[in-house]
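So the structure is just underneath, and the comments pick up after that.
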Amino acid sequence: MRSVFLYTAARFGIFLATAGILFLFGARDLLLLGLAVLISGVISFVLLSRQRDAMSAAVVTGVRGGRAKLDKSRTSEDA
């Protein structure tokens, strides 16, 4: 769960930094929001690949653990 939080915080930080820089260059309103989303998405894709991989591994592990618990409880109810 920690990797999910770190990745999300890093994405949000990159978005805020990008929006701040664009604001200083004169972008406002919807243009600011749209450009910040696009530019920060590209930057995050390049810079946060390791964190994204760690987050996806944590999510997959969590889902598999939840499915295993569900299957175990399902089979114990049937027995």
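Details
- In percent, rounded to a whole number, the relative contact order of the chain is 42, using alpha-carbon pairs under 8 Å and six or more apart.
- Looking at the chain, the pairs of alpha carbons with a distance over 15 Å make up 65% of the total.
- Surrounding net charge for V4, when Lys and Arg each add one and Asp and Glu each subtract one, Cβ distance under 15 Å: +3
- For the range 41-50, backbone phi angles converted through the Karplus equation (6.51, -1.76, 1.60; θ = phi - 60°) give residue-by-residue couplings of x, 5, 4, 5, 4, 7, 7, 10, 5, 5 Hz, Gly and Pro being listed as x.
Throughout, read-outs are computed from the coordinates displayed, never taken from laboratory work. Note that the coordinates shown come from a computational prediction; the quantities given were computed from them, not determined experimentally. Note that each Cβ is placed from the backbone with ideal geometry, even for glycine, and that neighbours are counted across all protein chains shown.
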